[in-house]
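Asker: Dumping the structure here so I can ask a few things about it.
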Amino acid sequence: MLDNLHVFRDGFVRTLGLSLFSAVGALLLGSVLATMRVSPVPPLRWAGTAYVETVRNTPLTIVFFFVAFVLPQVDIVFSFFAFAVMALTIYHTAFVCEAVRAGVNGVEVGQAEAARALGLTFSQSLRLVILPQAFRNVVQPLGSVGSALIRNSSIAAAFGVQELTGVSQGLATANPGDVIAILLAGIVCYLVLTLSLAGAVGVVERRLRGEPR
């Protein structure tokens, strides 16, 4: 294991990069999609609902296949890493959307009415009043989506990205006598990522409640 520590380090960094880029993209797009789903404009609501229902009921592997093999057919070509980020973002955007929408629906109706009474438009009240409160309510659900994203990033190994799972598979194939140690090392790396995220989510929740860290 010590001889291949640099290999695990590279795989860890790639998994971390995949997770961070995809999480940021999914959070931004999911928030936009959530505003579409609660919009008073019917076409926006329909488009948001269609996206969420389609993507949530499609296996992530199919999304990866679409991004990696269909997009190049229409001359959209990126690196395998970029394609993996796109696939993870597209898929988890739907789950972020539903988490944020649940937070929006959990905000008291009186908040929106007060915003309208102050003369704020729908977009202004959503941006300045509703969404800040909604995000406070869904820190834990968003953390769960992020944890699932980290684990789902392992699918990228099947599409040429040498992240943690790909690295572990390669080392296990080259060192069949050390399969258990290699797999355990990969599990530890994933635990470091997911438990770190869980700890960060806990800190954010306590700070939002005004509790000491």
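Asker: Given bins 5 angstrom wide, list per bin the percent of all Cα-Cα distances in the chain, short to long.
Answerer: 1, 7, 13, 15, 16, 14, 12, 9, 6, 4, 2, 1, 0, 0, 0
Asker: Okay, next question. Just to check, using Stokes-Einstein with a Kirkwood Rh over alpha carbon pairs, what's the diffusion coefficient of the range 1-99 at 25 °C and 0.890 mPa s in µm²/s?
Answerer: Working: Rh = 14.9 Å.
So the translational diffusion coefficient is about 165 µm²/s.
Asker: If I stretch the segment between residue 10 and residue 196 completely, what's the gain in nm (0.36 nm per residue apart, minus their alpha carbon distance), one decimal? Before the final figure, lay out each step's value.
Answerer: Details: separation 186, 0.36 × 186 = 66.96 nm, distance 1.85 nm.
So the chain would gain 65.1 nm between residue 10 and residue 196.
Asker: Hey, another quick one. Sorting 91, 51 by accessible area (1.4 Å probe), largest first, what list results?
Answerer: On the way: 91 35, 51 70 Å².
The most accessible residue leads, giving 51, 91.
Asker: Run the numbers for residue 62 and residue 28: contour at 0.36 nm per residue of separation, minus the present Cα-Cα distance, in nm.
Answerer: Numbers: separation 34, 0.36 × 34 = 12.24 nm, distance 2.26 nm.
In short, 10.0 nm is gained.
Asker: Take the Cβ-Cβ distance between residue 20 and residue 113 as r, set R0 to 35 Å, and report the resulting FRET efficiency rounded to the nearest 0.05.
Answerer: Values: r = 38 Å, r/R0 = 1.09.
The pair residue 20/residue 113 has a calculated efficiency of 0.35.
Asker: For the range 77-213, with all protein chains present and a 1.4 Å probe, just round the carbon and sulfur fraction of the accessible area to a whole percent. Display every interim value, and only then the final one.
Answerer: Numbers: 4570 of 7200 Å².
It is 63 percent, rounded to a whole number.
Asker: GluC sites (Glu not before Pro) within the range 36-127: which are DSSP loop residues with at most 14 other Cβ atoms inside 10 Å? If you can, show how the numbers build up before the last one.
Answerer: Working: sites: 53, 98, 108, 113; in loops: 108.
Passing both the DSSP loop test and the Cβ count: 108.
Asker: Based on the Cβ-Cβ distance of residue 151 and residue 74, what FRET efficiency does E = 1/(1 + (r/R0)^6) give at R0 = 41 Å, to the nearest 0.05?
Answerer: 0.85
Asker: Which residue, chosen from 155, 78, 104, occupies the Cα position most advanced towards the positive end of the dipole of the range 59-213, where the dipole is computed from +1 (Lys, Arg) and -1 (Asp, Glu) charges on Cβ about the Cα centre?
Answerer: Most positive-ward Cα: 104.
Asker: Dipole size in debye (nearest 20) for the chain around its Cα centre, Lys and Arg Cβ +1, Asp and Glu Cβ -1? Write out the running numbers ahead of the final one.
Answerer: Working: 14 positive and 11 negative charges, 131 e Å.
Roughly 620 debye, rounded to the nearest 20.
Asker: Scanning the chain for helices, which whole DSSP H stretches are 27 Å or more long along the axis (Cα) and average 0.0 or more by Kyte-Doolittle? Show your work: numbers first, answer last.
Answerer: Numbers: long enough: 5-37 (46 Å, 1.13); 80-106 (39 Å, 1.23); 179-208 (44 Å, 1.95).
Passing helices, by number: 5-37, 80-106, 179-208.
Asker: Hey, can you find the accessible area per residue of the chain for me, probe 1.4 Å, expressed in square angstrom? Before the final figure, lay out the partial values.
Answerer: Values: 11760 Å² over 213 residues.
Heavy-atom SASA per residue in the chain reads 55 Å².
Asker: When only Cα pairs under 8 Å and 6 or more residues apart are kept, what is the percent relative contact order across the range 99-194?
Answerer: Details: 62 pairs, mean separation 23.0, N = 96.
Relative CO of the range 99-194 lands at 24 percent.
The values are calculated or read from the model by the stated rules, or taken from the named source; none is laboratory data. Given the structure is predicted, the values throughout are model-derived calculations rather than measurements. Counting neighbours? That spans all protein chains shown, and the Cβs are built from the backbone with ideal geometry, glycine included. Keep in mind that these areas ignore ligands, DNA and RNA; they rest on the heavy atoms of the full protein, side chains included. Shrake-Rupley method; radii C 1.70, N 1.55, O 1.52, S 1.80 Å.
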